[in-house]
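Visitor: Can you keep this structure in mind? I'll have questions shortly.
The values are calculated or read from the model by the stated rules, or taken from the named source; none is laboratory data. Bear in mind the structure is a predicted one, so any value in this text is a computation, not a measurement. Positions of Cβ are generated from backbone atoms using ideal geometry, with glycine treated the same way; all protein chains shown enter the neighbour counts. These area figures cover heavy atoms from the full protein model, side chains too; ligands, DNA and RNA do not enter into them. Shrake-Rupley method; radii C 1.70, N 1.55, O 1.52, S 1.80 Å.
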Amino acid sequence: MGSLPPSLDLPSPPPKNPQHERVSETTLFNLFKAQQGHLNYFFQNLDLSQALSFTETLLNSRGTIFFSGVGKSGFVANKISQTLVSLGIRSAFLSPLDALHGDIGALSAADILVLFSKSGSTEELLRLIPCARAKGVYLISVTSVPKNALANACDMNVHLPLERELCPFDLAPVTSTAIQMVFGDTVAIALMGARNLTKDQYAANHPAGRIGKSLIFKVKDVMKKQDELPVCKEGDLIMEQLVELTRKGCGCLLVIDEEYHLLGTFTDGDLRRTLKASGEAIFKLTVGEMCNRKPRTIGPDAMAVEAMQKMESPPSAVQFLPVIDRQNTLIGIVTLHGLVSAGL
């Protein structure tokens, strides 16, 4: 075999690190165990009365809940804000730098501003406080170092107990940001429960994601219909329907009567089995003689995810479901490929 053209040359694997740069399984295991211990320290020492007051304050907010932070704490604050938005709660991230250059105009006296900072001495947040207070905003700090300047300047403080950072120098913010995220997301779910958010309401906020699609899309939204249906009559010869069996991309024929009532289905698997059992006699067999008279079906108003579950149910999985109305009239077909293509 000749060498590949230059454009098709496969890349070489990266060189192995020198021995002193390798990470052993034991080292990684010990780090995970240490982080687990640091997180347990947080759970065991968190003041639940502070957490409850914080949660109730957010729950009773009449305005927008703003979050702010700098660096890694800023990323966490932004993420928690986005989580609240996805739950239908008015929230936004306020950059402390941009706030002092005009964005503070978004604040009003009905709003809450939550400031995340491990040390509570972040200069950008301390500079923001008097400006936010002038707008009448309720200020909450979420910090881990006791008796800090940010806590003293705010209306409420939540202390997140931090044993130490996982970093060997106790510097890189990896444990502190982890407990910030755990705290914020747990409060978000508490708010979700208190507001009695339903699955349908949650799905309405995620229309393009798989979560939303599984709760919003109905069979009629994803089914093939009309000219896309591979239909035939029960008196049609099997061999005369091979083109129809293959060209619609459904892997089956839908057998109907003159009024479009569904009589049965005939799949490419049925074709193989019939050919194996009948040999040349298949040229004289009709679709009606060999079709499945009791196929699984579904209605157009059923949820699309229900169709997928029905396809995968025992005794054996199927790749499609005919869609029929209450009078057993064929109106469509939903396929496993179509459901997957729709993002379900």
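Visitor: Go through (1) within 18 Å of Glu228 (Cβ to Cβ); (2) surrounded by fewer than 19 Cβ atoms within 10 Å (Cβ to Cβ); (3) in contact (Cβ under 8 Å) with a residue 12 or more places away in the chain; (4) under 26 Å from the mean Cα position of the chain (by Cα) and name the single condition Val340 misses.
Guide: (3)
Visitor: Then there is this: If I filter the stretch 127-144 down to residues being out of contact with any strand residue (DSSP E or B) (no Cβ under 7 Å at 6 or more places or on another chain), open to solvent by 60 Å² or more (accessible area, probe 1.4 Å) and touching a residue at least 24 places away in the same chain (Cβ under 8 Å), which single residue comes out as nearest to Ile179 (Cα to Cα)?
Guide: Within the stretch 127-144, the match that is nearest to Ile179 (Cα to Cα) is Arg127.
Visitor: Turning to a different aspect of this structure: Pairs please, first residue from the stretch 170-197 and closer than 22 Å to Gly71 by Cβ, second anywhere and of a type in the set (Phe, Trp, Tyr) and in a helix (DSSP H, G or I), Cβ atoms under 8 Å, 6+ apart in sequence or on different chains.
Guide: Filtered contacts from the stretch 170-197: Thr177/Phe75; Ile179/Phe42; Val182/Phe42; Val187/Phe54.
Visitor: Let me ask something else about it. Just to be sure I understand, how many residues within the stretch 162-187 are small (Gly, Ala, Ser) and part of a loop (DSSP other than H, G, I, E, B)?
Guide: Residues of the stretch 162-187 that are small (Gly, Ala, Ser), as a first pass: 172, 176, 178, 184.
Now narrow it down to the ones that are part of a loop (DSSP other than H, G, I, E, B): 172.
Number of matching residues: 1.
Visitor: Given the conditions (1) in a strand (DSSP E or B); (2) more than 26 Å from the chain's Cα centre (by Cα), which single one is not true for Val334?
Guide: Looking at each condition in turn, Val334 falls short on (2).
Visitor: Of the numbered conditions (1) part of a strand (DSSP E or B); (2) open to solvent by 10 Å² or more (accessible area, probe 1.4 Å), Ser68 fails exactly one; give the number of that condition.
Guide: (2)
Visitor: Suppose we keep only residues that are assigned to a helix (DSSP H, G or I) and out of contact with any helix residue (DSSP H, G or I) (no Cβ under 7 Å at 6 or more places or on another chain) within the stretch 80-121. Which one would you say is least open to solvent (accessible area, probe 1.4 Å)?
Guide: This residue is Ser81.
Visitor: Let me ask something additional. Tell me which residues, restricted to the stretch 182-220, are open to solvent by 40 Å² or more (accessible area, probe 1.4 Å), at pLDDT 90 or above and within 16 Å of Pro322 (Cα to Cα).
Guide: Lys220
Visitor: Please list, ordered by residue number, the helices (runs of 4 or more DSSP H) wholly in the stretch 245-318 having 3 or more residues that are among the small types (Gly, Ala, Ser), at negative phi and surrounded by fewer than 17 Cβ atoms within 10 Å (Cβ to Cβ).
Guide: 268-278
Visitor: Which pairs do you get when a residue that is closer than 14 Å to Phe66 by Cα and among the β-branched types (Val, Ile, Thr), found in the stretch 82-103, comes within reach of a residue that is open to solvent by less than 30 Å² (accessible area, probe 1.4 Å) and outside any loop (DSSP other than H, G, I, E, B), reach meaning Cβ atoms under 6 angstrom, with the pair 6+ apart or on two chains?
Guide: From the stretch 82-103, the pairs are Thr83/Ala188; Val85/Ser91.
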